[in-house]
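Laboratory data are not the source of any read-out in this text; all were calculated from the coordinates shown. This is a predicted model, so every value here is computed, not measured. Because the Cβ atoms are built from the backbone with ideal geometry, glycine has one as well, and the counts that use them run over all protein chains shown.
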Amino acid sequence: MTQQERVTFVINTLKELYPTIPVPLEHKDPYTLLIAVLLSAQCTDVRVNQITPLLFAKADNPYDMVKLSVEEIKEIIRPCGLSPMKSKGIHGLSQILIDKHNGEVPQSFEALEALPAVGHKTASVVMSQAFGIPAFPVDTHIHRLMYRWNLTNGKNVVQTEKDAKRLFPKALWNDLHLQIIWYGREYSPARGMSLEKDIITRTIGRKTVLEAFEKKISR
């Protein structure tokens, strides 16, 4: 297959598997999504979805959030890990939203990435899922699969994002990044990959990945 044929195969397969695409993190507006994405760093979405209702019951907007102390926030979000950094970030960004953005989440990468504890991936998720602005947030699933599918050299997430944006039509970015995440979880996990289930890797996978898999199962 040519590279374009591989890209088309990925798009068509994912569209067939995920005609409707659920958003992994539960939220009701841009602010609650921003907080949920921040909490998801080095934490599973399942765990985040267990913790955010507890936090949002006390504060689901920046005005109520700044009324909580950093210590109170930290106690609630402790199960998500990195709670000292995340709690300071949540409190700090909430104050900045009030001071600089009338309590609203800004709709630009520059303004979002200027907020405490908000990096490019978090900003990309918010831009994509909250505002429908084309973005291609790269998480560990996307980074792994783009490499397995020989669509990037896999050296770092920055390069993977560039390659994804170069290869896939911009109009599909917001759907594709979620579809790839779900596919990675359900069909092509980091450990225990099964080519019987993983039709995309089986069909277009990088030669070295397929050889390593064959070697492993032949032991």
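Measure off 7 Å from each Cα along the Cα-to-Cβ vector at Lys170 and Thr140, then give the distance between these two points in nanometres to one decimal.
3.2 nm
Place a point 7 Å from Cα of Asn49 in the direction of its Cβ. Which residues in region 3-20 have their backbone N less than 20 Å from it?
Of the residues in region 3-20, 17-20 have backbone N under 20 Å from the label point off Asn49.
Place a point 7 Å from the Cα of Asn156 along the Cα-to-Cβ direction; which residues of region 162-178 have their backbone N under 15 Å from it?
162-163, by backbone N distance to the label point.
May I ask you to list the lysines whose Cα is less than 25 Å away from that of Lys100, ignoring any residue fewer than eight positions away on the same chain?
Qualifying lysines at Cα under 25 Å: Lys28, Lys58, Lys67, Lys74, Lys86, Lys88, Lys121.
Defining a contact as two alpha carbons under 8 Å apart and six or more residues distant in sequence, what relative contact order in percent does the chain show? Kindly include the intermediate steps, with their values, before the conclusion.
Details: 254 pairs, mean separation 40.0, N = 219.
Value for the chain: 18 percent.
Run the numbers for Glu75 and Tyr63: contour at 0.36 nm per residue of separation, minus the present Cα-Cα distance, in nm.
Working: separation 12, 0.36 × 12 = 4.32 nm, distance 1.91 nm.
Roughly 2.4 nm would be gained on extension.
Helix 157-167: angle to the longest alpha-carbon principal axis of the chain, degrees 0 to 90, nearest 10?
On a 0 to 90 degree scale, this one is about 60.
Any chance you could check the Cα centroid distance between region 106-139 and region 1-65 for me, in angstrom?
12 Å
What does the helix-only formula give at 222 nm for the chain: each DSSP H stretch with n ≥ 4 adding -39500 (n - 2.57), the total divided by the residues, and the result rounded to the nearest 500 deg cm²/dmol?
Values: 13 runs with 132 residues, N = 219.
My calculation for the chain gives -18000 deg cm²/dmol from helical runs alone.
Out of Leu68, Pro137, Gln107, whose Cα points farthest toward the positive end of the dipole of the chain (charges: +1 Lys, Arg; -1 Asp, Glu; placed on Cβ)?
After comparing all options, I get Pro137.
Cross-link partners among lysines for Lys215, C-alpha distance below 27 Å, same-chain residues fewer than 8 apart left out?
Answer for Lys215, where 27 Å is the Cα cut-off: Lys155, Lys197, Lys207, listed by chain and number.
Could you tell me the relative contact order of region 8-89? Use alpha-carbon pairs under 8 Å, at least six residues apart, and round to a whole percent. List each step's numbers first, then the result.
Numbers: 59 pairs, mean separation 21.5, N = 82.
This gives 26 percent for region 8-89.
Please give the FRET efficiency for His101 paired with Glu26, using the beta carbon to beta carbon distance and R0 = 30 Å, rounded to the nearest 0.05. Intermediate results must be reported in sequence, preceding the final value.
Details: r = 23 Å, r/R0 = 0.78.
The formula returns an efficiency of 0.80 here.
If you line up the long axis of helix 83-101 against the longest principal axis of the chain, both from Cα atoms, how many degrees apart are they, to the nearest 10?
Value to nearest ten degrees: 70.
Excluding Arg191 itself, what net charge comes from residues whose Cβ is under 15 Å from its Cβ, given Lys and Arg +1 and Asp and Glu -1? Intermediate values should be presented prior to the final figure.
Working: positive: Arg144, Arg148, Arg185, Lys197, Lys216; negative: Glu186, Asp198.
In short, +3.
Would you mind telling me which residue in Arg191, Arg202, Arg148 has the biggest mean-square fluctuation in a Gaussian network model of the chain, where springs connect alpha carbons within a distance under 10 angstrom?
So, out of Arg191, Arg202, Arg148, the one fluctuating most is Arg191.
So what's the chain giving for Rg/Rh, alpha carbon basis, Kirkwood Rh from the mean inverse pair distance?
On the way: Rg = 18.9 Å, Rh = 18.5 Å.
Value, to two decimals: 1.02.
Let's see if you can work this out: charge +1 on each Lys and Arg Cβ, -1 on each Asp and Glu Cβ, no other charges. What is the dipole magnitude of the chain about its Cα centre, in debye to the nearest 20?
Values: 28 positive and 23 negative charges, 194 e Å.
About 940 debye.
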